[in-house]
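Asks: Let me give you the structure first, and then I'll get to my questions.
None of the figures in this text is laboratory data; all of them are computed from the coordinates on show. Computed from a prediction, not measured in an experiment: that's the story for all the values here. As a convention, Cβ positions derive from the backbone with ideal geometry for all residues, glycine included, and neighbour counts pool all protein chains shown.
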Amino acid sequence: MIEAQRISKTYARGVYALRDLSLHIYKGDFVFLTGPSGAGKSTLLRLLLRRDVPSEGRLIVGSRNLAELTPRQVQAYRRSVGFVFQDFKLLPNKTVLENVALVPRVLGMADSQQQRRTFQVLKWVGLQHRMSAYPLELSGGEQQRVAIARAIVNDPVIILADEPTGNLDPDLSLEIMNLFREINARGTTVIVATHDRELIRRVGRRSVTLNQGQIVEVT
Amino acid sequence: MRALRYFFTEAAASLWRARGAALLAVVTIAVGLFVLGFFLVLNSNLQRIVSRWSESAELSIYLRDDATPDQLKSLDEMAGQSGLVAQRDYISKEQALARFRADFPDLASTAGALDGNPFPASFELRLRSDVREAAGAVDGLVTALSSMPGVADVRYDRQWLTRLNAVVRGARIAGAIVVAMLGLAAAMTVANVVRLAAAARRDEIEIMQLVGAPFAYVRGPFVAEGILQGGAGAVLALLALAAGFYAVRSRFGAAAADALGGSGLTFLPIPVAAVLLLGGMALGCLGGYVVARRVR
């Protein structure tokens, strides 16, 4: 489903963020990307979210080369991808409900459908009782659960998470990972970038280790 | 419809968040449109004065007291054959004196104290409306009439009206330049306010882009923000203009009615006020769009 064919990504002055990387991720996989800071984990996620394109090689998702998508095709592609970031990226001046409902709203879903779907996912992440709270009134774990609710409200086929537990303690991290496992159990492909090896060990899924932009280990 | 509601709800919330800067943009637009409206009101009323005076403008041929009937006949024929005159009236010395007494009753006794009648007989010619602007032809007629025997003087009102028209035209051009500059300043102010709003909402824009929101959804609120600012500025300008207009009319209305006749000073017609309102919204829309099109 996702195929990186010898992709490289260079930035100014020829610095390689990714170098000649090839990777295959099947539909419904749960994959960790790990490695030290600067290994290229976030760069690979940026390419998968089509915020950037490879300098060399091809990144294929489904049957589409992401570099060749038109702006409108990029929009359509992103509607099939959910994302979760370390810093949550919630809008502080909107309530939990509004943050999650923003996605179906801007995608033109009918009001009643928006509300039903938003309530469903908030209930699923256990935050139906905090719908009218603002993000800054929530704990870190709760904020990340709101971010996860927002990521899945549109039923994406891929979830990308960049250090989603970076700001959380070990117990909360495992709780968040359990949510990702449940999402994956429904058939959604989940790709999580983390440098937390202990967490990877506890979750026990396939992991791809990067170093200096190259794959050094797959377990 | 849902999209429009979203655009305007977001735009209103964003304006409220940055209300200080938004107020500045609204006032800038209001100033620009107020000046435009002021020139429009001034222009339409001045134009009415000029038209009214133009309609009553006459060419007067004052006759010597010793002018013979043949000379009068020649003058009458020349005026008739020129093709420029719609109506010609002969005013005898007696009629001129009677008119003076009627127009200036306080001075009537003075006129009676004089030896004889000092007022000359005259021909009053009313020009055809379609030749009023043909200055060359009328000037030729004036010259020809002046050199005719029996003529003491020829007075032509159009010359100062032409000068007045030139002043009005000049004022209109100067007004257009000022309005264009203020319009540009207003659009730039709106663009800057919307740019501030875009900076304040960059996280939201990023999230919208990441979830694949259509461009219209990402950009729409900025355009709506510009339209709201422009509309508010136009409404403010119209209110200020109306307040100023009615204040001036209550003070100088009587004098203006004498000059204009009938209705006196008039405010902007509703269609022109509507165009001003739409113009303000278009100006705001332009400012918003300039920022929105950079959001990709």
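Asks: If I build a Gaussian network model for chain B, linking alpha-carbon pairs within less than 10 angstrom, which residue out of B:Phe215, B:Phe104, B:Phe252 has the largest mean-square fluctuation?
Replies: B:Phe104
Asks: What dipole magnitude, in Debye to the nearest 20, does the stretch B:188-238 give about its Cα centre under +1 on Lys/Arg Cβ and -1 on Asp/Glu Cβ?
Replies: 100
Asks: Where does the Debye-calculated log10 I(q)/I(0) of the stretch A:169-216 sit at q = 0.16, 0.24, 0.29, 0.32 Å⁻¹, using only Cα point scatterers of equal weight, no solvent?
Replies: For the requested q values the scattering log ratios are -0.49, -0.96, -1.19, -1.30.
Asks: While we're here: What translational D, rounded to a whole number of µm²/s, comes out for the stretch B:1-62 from Stokes-Einstein when the hydrodynamic radius is the Kirkwood one over Cα pairs, at 25 °C and 0.890 mPa s?
Replies: Estimated diffusion coefficient is 154 µm²/s.
Asks: Compare the Cα positions of B:Gly226, B:Leu210, B:Ala198 along the charge dipole of the stretch B:183-279 (+1 at Cβ of Lys, Arg; -1 at Cβ of Asp, Glu; about the Cα centre) and return the one farthest towards the positive end.
Replies: Positive-most Cα among the choices belongs to B:Gly226.
Asks: Report the dimensions of the stretch B:147-269 along its three principal axes from the alpha-carbon atoms, largest first, rounded to Å.
Replies: Sorted largest first, the three principal extents are 94, 36, 20 Å.
Asks: Give me the one-decimal Kirkwood hydrodynamic radius in Å for the stretch A:1-51, with the sum taken over alpha-carbon pairs.
Replies: Computed over Cα pairs of the stretch A:1-51, the Kirkwood hydrodynamic radius comes out at 11.8 Å.
Asks: Which lysines does A:Lys123 reach when only Cα atoms under 21 Å apart count, and residues fewer than 8 places away in its own chain are ignored?
Replies: Leaving aside lysines fewer than 8 places away in the same chain, those within reach of A:Lys123 are A:Lys89, A:Lys94.
Asks: Take the Cα pairs of the stretch A:1-116, get the Kirkwood Rh, then feed it into Stokes-Einstein at 37 °C and 0.692 mPa s and tell me D in µm²/s.
Replies: 202
Asks: Taking +1 at the Cβ of each Lys and Arg and -1 at the Cβ of each Asp and Glu, which of B:Ala30, B:Ala102, B:Ser44 sits farthest along the dipole of the stretch B:1-109 towards its positive end, judged by Cα position relative to the Cα centre?
Replies: So the residue furthest toward the plus end is B:Ala30.
Asks: Hey, what's the Cα Rg ratio for chain B versus the globular rule of thumb, 2.2 N^0.38 Å?
Replies: 1.60
Asks: Applying 1/(1 + (r/R0)^6) with R0 = 30 Å to the Cβ-Cβ distance of A:Ile60 and A:Leu174, what FRET efficiency is obtained, to the nearest 0.05?
Replies: In this case the efficiency is close to 0.35.
Asks: Where does chain A land at 222 nm, in deg cm²/dmol rounded to the nearest 500, when only DSSP H runs of n ≥ 4 count, each adding -39500 (n - 2.57), divided by all residues?
Replies: Dividing the helical sum by the residues of chain A leaves -10500 deg cm²/dmol.
Asks: Something else now. Take the Cα coordinates of chain A, assign each an equal point scatterer, and use the Debye formula without solvent to give log10 I(q)/I(0) at q = 0.09, 0.10, 0.11, 0.13 Å⁻¹.
Replies: Debye output, listed in q order: -0.36, -0.44, -0.53, -0.75.
Asks: Where the Cα atoms of the protein assembly as shown are projected onto their three principal axes, how long is each span, largest first, in whole Å?
Replies: That works out to 130, 47, 36 Å along the principal axes.
Asks: Have a look at A:Pro92, A:Gly82, A:Pro54 and report the one farthest towards the positive end of the charge dipole of the stretch A:49-104, computed about the Cα centre with Cβ charges (Lys/Arg +1, Asp/Glu -1).
Replies: A:Gly82
Asks: Still on this structure, I have one more. Starting from the 7 Å offset along Cα-to-Cβ, what nm value, one decimal, do you get for the label separation of A:Thr70 and B:Ala3?
Replies: Going from the A:Thr70 label point to the B:Ala3 one covers 1.6 nm.
Asks: Most fluctuating residue of B:Ser14, B:Ser60, B:Ser92 in a GNM of chain B with Cα springs under 10 Å: which is it?
Replies: B:Ser92
Asks: Per residue, what volume in Å³ does the Cα convex hull of the stretch B:10-133 take up?
Replies: For the stretch B:10-133, the hull spanned by Cα atoms encloses 183 Å³ per residue.
Asks: Any chance you could list the semi-axes, whole Å, largest first, of the equivalent ellipsoid that the Cα gyration tensor gives for the stretch A:72-199, using √(5λ)?
Replies: Over the Cα atoms of the stretch A:72-199, the ellipsoid semi-axes are 22, 18, 13 Å.
Asks: Take the alpha carbon atoms of the stretch B:186-236, find their center, do the same for the stretch A:134-156, and report the distance between the two centers in whole angstrom.
Replies: Cα centroid of the stretch B:186-236 versus Cα centroid of the stretch A:134-156: 26 Å apart.
Asks: Based on Cβ point charges of +1 for Lys and Arg and -1 for Asp and Glu, what charge dipole magnitude is obtained for the protein assembly as shown about its Cα centre, in debye rounded to the nearest 20?
Replies: 2660
Asks: In addition: If you average the C-alpha positions of the stretch B:1-21 and of the stretch A:73-121 separately, how far apart do those two centres end up, in angstrom?
Replies: When both Cα centres are located, 19 Å separates them.
Asks: Moving on. With viscosity set to 1.002 mPa s at 20 °C, what whole-number translational diffusion coefficient in µm²/s follows for the stretch A:129-192 from Stokes-Einstein and a Kirkwood radius over Cα pairs?
Replies: My calculation gives 174 µm²/s for D.
Asks: A further question on this structure: Nearest-5 percent of antiparallel DSSP beta bridges in chain A?
Replies: About 50 percent, rounded to the nearest 5.
Asks: If you place +1 on the Cβ of every Lys and Arg, -1 on the Cβ of every Asp and Glu, and leave all else neutral, what size is the dipole of chain A about its Cα centre, to the nearest 20 Debye?
Replies: Approximately 600 debye in magnitude.
Asks: Calculate the spin-label point distance for B:Leu72 paired with B:Arg251, positioning each point 7 Å from the Cα along the beta-carbon direction, and give it in nanometres.
Replies: Roughly 5.2 nm, to one decimal.
Asks: Given the rule -39500 (n - 2.57) for each run of at least 4 DSSP H residues, summed and divided by the residues of chain B, what is its mean residue ellipticity at 222 nm, to the nearest 500 deg cm²/dmol?
Replies: -25500 deg cm²/dmol
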